[in-house]
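Enquirer: So that we are looking at the same thing, I have put the structure below in structure tokens.
The values are calculated or read from the model by the stated rules, or taken from the named source; none is laboratory data. Everything numeric in this text was worked out from a predicted model, so none of it was measured. We place every Cβ from the backbone using ideal geometry, glycine too, and count neighbours over all the protein chains shown. Calculation scope for accessible area: heavy atoms of the full protein, side chains included, ligands and nucleic acids excluded. Shrake-Rupley method; radii C 1.70, N 1.55, O 1.52, S 1.80 Å.
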Amino acid sequence: MQIYNTMSKKKETFEPLVPGEVRMYVCGPTVYNYIHIGNARPMIVFDTVRRYFEYKGMKVNYVSNFTDVDDKIIKEANAQGISSEELAAHFIDECKQDMESLHVRPASTHPLATKEIPEMIELISTLIDKGYAYEKAGTVYFSPRKFTGYGKLSHKNLDDLRAGNRELKVTGEAEKEDPLDFVLWKPEKPGEPSWDSPWGKGRPGWHTECSAMAKKYLGDSIDIHAGGEDLIFPHHENEIAQSEAANGQEFARYWMHNGFLNIDNKKMSKSLGNFFTVRDILAQYDGQVVRFFMLGAQYRNPLNFSKDLMEAAKASWQRIVTARGALEEALRAAGEDSISADEEKLFAETDAIVADFEDSMEDDFNTADAIAAIFELVKFSNVAIKDQHSKSFLEKLAQRMDTLLDVMGLSALVEEGPLSEEIEALIEKRQQARKAKDFSTADKIRDDLLAQGIVLEDTREGVKWHKA
Ligand code: AMP
Ligand code: ZN
């Protein structure tokens, strides 16, 4: 498997630290509002990466934080007259709802920054002890110039950075020894949440959160660290400096960054009036359409979001849903027969499609090509169901389609009305009622099912059902 590593700017063969296991950390959102449609991209992309590893039989420990203390949260909470904690808890719940709509599975652990303060204090203390950080008037700073290798991820050079940053010292943090120094701990301000620390009451800096949480939940050295490309500098560069300075080990072996989502080819921004939350979009489109749309591009490419493109994605996704529905119909109509030798041969043709699907995913998770392979399977199925086939053949085909779709986090079998198990249970209940000569209950069950589009037929072999 090849993964593009931002660190080396090359595709590299993926070798996990422990064979068969993947430890990955994905920077999560800052929860001061509903998540926006851009935030959904890393969630969907890295959830799909996780699903593919699992499909390959690997065990994935997937950690993604919620940043629940931050300037924007404090500002919004004050504006609403509630506590930061209340505001963050509310938007974490809302974010989890959006994730569910987008079929993004919950992480193995979703740590909250505010619940990990002791770990952050410990990390900062280590950095001070080792001479990488210093305290001035209640603020703790990290000195990038003391860490050899600063700039290795963003491919920036310390002198250039310093030239670009000369202004910083003038604009506020006057105590800094160097304009490049960044904050690990900031002192309390009135009206802000704060915690006790050896440097007085205060709160951690954003970069510190992720270094401390990755260490606690995944260890000093992890396989994959991921997020949007805007996080490469300074966030991830600073995480590397903190973690490697403190732990003396390589922090993450592979750095994956998704490209940005733009709206009508423009950067999404509130001032341009083209800012959409996931909730806004879910009012118009099913979460699966959003997911299908996002996976239609390789994750490192920029992705343009527009009404036309969403309509095209919806129509395209519908083709898969229709094909899967037709396959289900064929399955329902088929008898209880087993697969023939000819059918085995025909089914083996789909092995090449699965191989294409896997090759695409193994090439730095090219979901666009993987979806093209799924369309090949759809075409195969549409042709195959024109002929009479055994139930076992159709079952195998359906299973194959569902498995590939599941790697994409998609489920094309739309259950309209009750599930077949529920229908079977009601039929059984009706039979019992008839046996007990309770015809009114029996008739009521039949009528209720009919109202849901399910027709019962009493045949010599027993009760059969089909959709009206
Ligand atoms: P934030 O809440 O700003 O820290 O963002 C959470 C995640 O969303 C990070 O991984 C960001 O890189 C990512 N992100 C933010 N905006 C976009 C966008 N327009 N397109 C893709 N990813 C984004
Ligand atoms: Zn982070």
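Enquirer: Would you mind listing the helices (runs of 4 or more DSSP H) fully within region 326-386 where at least 1 residues are within 22 Å of the chain's Cα centre (by Cα)? I'd like the intermediate steps shown before the answer.
Expert: Working: elements: 341-348, 350-362, 367-384.
Hits in region 326-386: 350-362, 367-384.
Enquirer: Next question, about the same structure. Can you pull out the residues in region 206-231 that are hydrophobic (A, V, I, L, M, F, W, C), at pLDDT 95 or above, outside any strand (DSSP E or B) and within 11 Å of ligand 2 (Cβ to nearest atom)? Walk me through it before giving the result.
Expert: Pass one, region 206-231, residues hydrophobic (A, V, I, L, M, F, W, C): 206, 210, 212-214, 218, 222, 224, 226, 231.
So of that shortlist, the ones also at pLDDT 95 or above come out as 210, 212-214, 218, 222, 224, 226, 231.
When the remaining residues are screened for being outside any strand (DSSP E or B), the result is 210, 212-214, 218, 231.
Passing the criteria: 210, 212, 213, 214, 231.
Enquirer: Ok, one more. Scan region 6-16 and give yes if some residue there is more than 24 Å from residue 236 (Cα to Cα), at pLDDT 95 or above and more than 12 Å from the chain's Cα centre (by Cα), otherwise no.
Expert: Quick first cut of region 6-16, residues more than 24 Å from residue 236 (Cα to Cα) only: none.
So far as region 6-16 goes, no, none of its residues is more than 24 Å from residue 236 (Cα to Cα), at pLDDT 95 or above and more than 12 Å from the chain's Cα centre (by Cα).
Enquirer: For region 98-149, which positions are within 30 Å of residue 35 (Cα to Cα), part of a helix (DSSP H, G or I), in contact with a Leu (Cβ under 9 Å, 6 or more places away or on another chain) and not hydrophobic (A, V, I, L, M, F, W, C)?
Expert: Residues satisfying the conditions are 98, 101.
Enquirer: Across region 196-232, what is the total count of residues that are under 23 Å from residue 259 (Cβ atoms), away from ligand 1 (no atom under 11 Å from the Cβ) and open to solvent by 20 Å² or more (accessible area, probe 1.4 Å)?
Expert: 1
Enquirer: What number goes with the only condition from (1) of a type in the set (S, T, N, Q); (2) open to solvent by 80 Å² or more (accessible area, probe 1.4 Å); (3) part of a helix (DSSP H, G or I) that residue 316 does not pass?
Expert: It fails just one condition, (2).
Enquirer: Being more than 19 Å from residue 35 (Cβ to Cβ), in contact (Cβ under 8 Å) with a residue 24 or more places away in the chain and surrounded by fewer than 17 Cβ atoms within 10 Å (Cβ to Cβ): is that true of residue 337 here? Break it down into steps so the answer makes sense when it comes.
Expert: Details: more than 19 Å from residue 35 (Cβ to Cβ): yes; in contact (Cβ under 8 Å) with a residue 24 or more places away in the chain: yes; surrounded by fewer than 17 Cβ atoms within 10 Å (Cβ to Cβ): yes.
Answer is yes for this residue.
Enquirer: Collect the residues in region 63-97 that are in contact with a Gly (Cβ under 8 Å, 6 or more places away or on another chain) and in a loop (DSSP other than H, G, I, E, B), keeping them in residue-number order. Give the steps one after another, and end with the answer.
Expert: Our first condition is that a residue be in contact with a Gly (Cβ under 8 Å, 6 or more places away or on another chain); within region 63-97, this holds for 64-67, 74, 78.
Within region 63-97, just 65 meets the criteria.
Enquirer: With respect to residue 236, is the statement that it is assigned to a helix (DSSP H, G or I) and within 14 Å of ligand 1 (Cβ to nearest atom) true? I'd like the intermediate steps shown before the answer.
Expert: Working: assigned to a helix (DSSP H, G or I): yes; within 14 Å of ligand 1 (Cβ to nearest atom): yes.
When the stated conditions are applied, residue 236 passes them.
Enquirer: Yes or no: residue 72 open to solvent by 30 Å² or more (accessible area, probe 1.4 Å), over 20 Å from the mean Cα position of the chain (by Cα) and away from ligand 2 (no atom under 16 Å from the Cβ)? If you could, list the steps in order and put the result at the bottom.
Expert: Details: open to solvent by 30 Å² or more (accessible area, probe 1.4 Å): yes; over 20 Å from the mean Cα position of the chain (by Cα): yes; away from ligand 2 (no atom under 16 Å from the Cβ): no.
Judged against the criteria, residue 72 is not a match.
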